[in-house]
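In what follows, a single structure is set out as structure tokens and then discussed.
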Amino acid sequence: MATACKTSVVAAAAVLLFLIAAAAVAPASASNLTAYSVVGCAGNDVTWGCGCNNFTGYKGGYFFNYSARQVGLFYLNTGCRGFYIPIFWRVRYCRFHIFNSVRILC
């Protein structure tokens, strides 16, 4: 009986360690967006993760790296308000664009 109890404790500890490791790795696979200041995906760039960000100063293109089912909502207005277009895939667009903000749902 003592052996069965030890096995259960060891199995539970192994599962707990796996869950902790998975939680630590999960943020690394989150969607993100890199925005560029100069048309052609050139110039200064900034990379954003979860939340709302404005494209002010970064209208020269973007790369939306979709992963982990974390959708990007691309808004025509600043502050992630009003009409938006949801993006469910990886997109690289290196021209001037009409979007003024983006919200990555995490």
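The values are calculated or read from the model by the stated rules, or taken from the named source; none is laboratory data. Small disclaimer: the values here were computed from a predicted structure and weren't measured. Heads up, the Cβs are rebuilt from the backbone with ideal geometry, glycines too, and the neighbour counts pull from every protein chain shown.
Counting only strands (runs of 3 or more DSSP E) that sit wholly inside the range 37-78, those with at least 1 residues that are assigned by TED's automatic domain parsing to the domain that holds Trp89, under 14 Å from Cys94 (Cα atoms) and within 19 Å of the chain's Cα centre (by Cα) are 42-48, 62-65.
Picking from residues in the range 66-85 that are hydrophobic (A, V, I, L, M, F, W, C) and over 14 Å from Asn54 (Cα atoms), the one that is surrounded by the most Cβ atoms within 10 Å (Cβ to Cβ) is Val71.
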